[in-house]
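These notes are about the structure you will find just below.
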Protein chains: 2
Amino acid sequence: MTTIADIAKRAGVSVSTVSYVLSGKRPISQETQERVHAAIEELDYHPYAPGRALASRRTRQIAVLYPTESNGLTEFQLEFFTAAAEAAAGNRYAFQLSTAPVTERGLLNLIRGGAIDGLILMEVRLHDWRVDLLRKHGFPFTLIGRCADTEGIDFVDLDFEAAAELAVDHLAELGHRSVALILGGEEQQVSGYGPAVRSLAGFERALKNRGLNGTVIHGEASFESGHALAHRLAGMQEVAAVVVVSPGVLPGFVAGTYDVGRRIPEDLSLVTMVPQKYARIFTPALTTIDFPADQMGKLGAEMLIRRLEGGGDQAAHVLLRGELIAGRSTAPPATTQAQDAQTGTVAAGA
Amino acid sequence: MTTIADIAKRAGVSVSTVSYVLSGKRPISQETQERVHAAIEELDYHPYAPGRALASRRTRQIAVLYPTESNGLTEFQLEFFTAAAEAAAGNRYAFQLSTAPVTERGLLNLIRGGAIDGLILMEVRLHDWRVDLLRKHGFPFTLIGRCADTEGIDFVDLDFEAAAELAVDHLAELGHRSVALILGGEEQQVSGYGPAVRSLAGFERALKNRGLNGTVIHGEASFESGHALAHRLAGMQEVAAVVVVSPGVLPGFVAGTYDVGRRIPEDLSLVTMVPQKYARIFTPALTTIDFPADQMGKLGAEMLIRRLEGGGDQAAHVLLRGELIAGRSTAPPATTQAQDAQTGTVAAGA
DNA sequence: CTGTTAGCGCCTTCAC
DNA sequence: GTGAAGGCGCTAACAG
């Protein structure tokens, strides 16, 4: 194996010079640089990461913690991961996908093991022990979603409160006076799962503002559960408008709705919160509040990396607002034009 | 930071003893082991990966190479990744997702950089330079898909040839005499993309066996392209049965089919090759040949790890066969029973 | 602008 | 069954 010592010898310089040529951390004469680079070419040298990591105490690896048992958003997650991985690669960082360590011991092992420089946390709870632990140990991290106390920590989140309001407004404008909200399991409210808690808050606020009637329904993230919900909703005659927040129930819910003989949008207006790419799979295309998963992945990774590179004196708080894209699942034949547009509001502050 | 030296001192033993207690690579007396473990507890020691990696020349990291520009199967990829990540974690390996290095230089950097022990390759071509390069350098890897010469290399692949036959048989039994096959872009045939090449072969064989007429159509992996294909197919009156191999065209194709006033399955029988979970999203649920993405991810990771651990003297060749799951997209109201079953044939040999 | 050198934390050969 | 010691490849003081 070729090492910098070989390069040094070949180029007639010292090892540190080679190291500095590579890192650029101190000025090296043009001529020396060229000799070193020539040697690197000739000997086909590739820096050896573990050596580097041991000496510098940095691995240029980041990881995303994604608990598998979570209510998989499928399309969303994939876009998120690939965008994050690309952003990482663009900054010459490796991107690691970790599904395992939900235990304190596991997480400790991860951050003390020295294999990664920073972490991206998903599925964050309002009060999340992982956040507390990372903070306590001073380990760099970024949240996808956010906890209650965001003092000094980076996050990028979706504005589910605004999204729920937007959804209700949309349905109200279609003439509905009674709207149902379908969330994930009730334990999500209890455990303070952001999307569940905040969309509920936005929902209630919008109802009040508009003077509408509302019903909140919980369902598990499975096809069967969604299917059952459709049946249940069919029994509630007065409700012909529904907002589905939990993506997991969606396939079953839509299928179930047709199974009970209700058509979308003729008999039931539906607004969802999934990527447009996903919403468009359904027939007819669902109306959705489209959140830019790829932007989140990119931002999440970049925020973390910036912090790792020392640029993160000020915490970055990014709250993305989703845009409502009408499918054919709500109103009389709305626009079906493909549009990839999306908007986001970005705010920085402590 | 706590190191094994600290542990050694605390336990009153030498550093090598601590190391051996941790690795179990040589017999240590019960008593000594206990003292060491006690010290580890008290000092809250966590082994430091880079040190370990530098000394042992192994990182316990594997990576999957996933070219982003590929025709993303979304659902499939996500299931695959998470299953692979879990399998890796189960064997105490970290799982890395790499989207970047399509260049020879990038790949060389990756395998010479020492950051990973082995690679999983996706989107393999019949003649794939990456395979040649890895083979030449003796770097451990596993294929998802397979190349022409699989001598001595591990792979897990889907049997697209059998799948295409199965699809045609199914359609023939429904009474169709003329069947269309929708593939991805034509360049996939040229570049020898396995799924495209092999499903075409199976398609043609099945046509011949059954004495049917066939049409082959290529489309890009985009909504718009799929939409256009539906229009095009509508112009071919005699064809009321179609097999869609490329998942990318599916959403657009289905939407387009409805847009031209054709119903599925009443006016058009459709068989696809996507995960059932995905097929079920469509309304009505699509008939699909369901490949177990999670099994592939698990197997791919495990095969690689087994090889890394020295168990891989014999190359493992795994060819998974998909099961046809009838949705409501083909025949007169077929079974809609949810069934998660799947079968696979496993063959070992050089 | 360049060289010398002492580690980074751990593994493993060699000696006992 | 246990110790001692020499690296693994690279970085970053410290010297000039």
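The values are calculated or read from the model by the stated rules, or taken from the named source; none is laboratory data. The structure presented is a predicted model; accordingly, all values stated were derived computationally and were not measured. Every residue, glycine among them, receives a Cβ derived from its backbone with ideal geometry; neighbour counts consider all protein chains shown.
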Odd one out for A:Asp313 among (1) more than 14 Å from chain B (Cβ to nearest Cβ); (2) assigned to a loop (DSSP other than H, G, I, E, B); (3) modelled with pLDDT of 90 or more
(3)
Where B:Gly261 falls short, out of the listed (1) more than 21 Å from the chain's Cα centre (by Cα); (2) within 14 Å of chain A (Cβ to nearest Cβ); (3) part of a strand (DSSP E or B):
(3)
Which of the residues belonging to the range A:24-38 are within 15 Å of DNA strand D (Cβ to nearest atom), over 13 Å from A:Ala11 (Cα atoms) and not charged (D, E, K, R)?
A:Gly24, A:Pro27, A:Ile28, A:Ser29
Read through the list (1) more than 16 Å from DNA strand C (Cβ to nearest atom); (2) at the interface with chain B (Cβ under 7 Å from one of its Cβ atoms); (3) farther than 27 Å from A:Leu183 by Cα, then give the number of the only condition that A:Tyr93 fails.
(2)
Say whether the condition of being near DNA strand C (Cβ under 8 Å from one of its atoms), over 30 Å from B:Val274 (Cα atoms) and surrounded by 15 or more Cβ atoms within 10 Å (Cβ to Cβ) is met by at least one residue in the range B:20-37.
yes
Starting from the range A:20-45, take each residue that is among the aromatic types (Phe, Trp, Tyr) and list its partners that are modelled with pLDDT of 95 or more and within 12 Å of DNA strand C (Cβ to nearest atom), counting only C-beta distances under 6 angstrom and pairs at least six apart or across chains.
A:Tyr45/A:Ile7
If you take the residues of the range B:42-55 that are more than 13 Å from DNA strand D (Cβ to nearest atom) and either under 40 Å from the mean Cα position of the chain (by Cα) or closer than 12 Å to B:Ile4 by Cα (or both), which of them is farthest from the other protein chains (Cβ to nearest Cβ)?
B:Leu43
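Whether any residue in the range A:16-39 is over 23 Å from B:Ala87 (Cα atoms) and in contact with a Phe, Trp or Tyr (Cβ under 7 Å, 6 or more places away or on another chain) is what I want to check.
Taking every residue of the range A:16-39 in turn, at least one turns out to be over 23 Å from B:Ala87 (Cα atoms) and in contact with a Phe, Trp or Tyr (Cβ under 7 Å, 6 or more places away or on another chain).
Tell me the helices (runs of 4 or more DSSP H) entirely within the range B:167-249 that contain at least 2 residues that are within 24 Å of B:Val124 (Cβ to Cβ).
Those helices (runs of 4 or more DSSP H) span B:187-191, B:194-210.
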Residue hits (the range A:266-286; under 16 Å from A:Ala167 (Cβ atoms), buried (at least 24 other Cβ atoms within 10 Å of the Cβ) and over 21 Å from the mean Cα position of the chain (by Cα)) are A:Leu270, A:Leu286
Top-ranked residue in the range A:68-118 [being at pLDDT below 90 and more than 23 Å from B:Ile281 (Cβ to Cβ); ranked as surrounded by the most Cβ atoms within 10 Å (Cβ to Cβ)]
A:Thr99
Enumeration of residues in the range B:5-19 that are among the aliphatic types (A, V, I, L, M), surrounded by 17 or more Cβ atoms within 10 Å (Cβ to Cβ) and near DNA strand C (Cβ under 9 Å from one of its atoms):
B:Ile7, B:Val18
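Out of the range A:138-148, which residues are within 28 Å of B:Arg60 (Cβ to Cβ) and in contact with a helix residue (DSSP H, G or I) (Cβ under 6 Å, 6 or more places away or on another chain)? Don't jump to the end; show me each part of the working.
Of the residues in the range A:138-148, the ones within 28 Å of B:Arg60 (Cβ to Cβ) are A:138-144.
Residues satisfying the conditions are A:Phe139, A:Pro140, A:Phe141, A:Thr142, A:Ile144.
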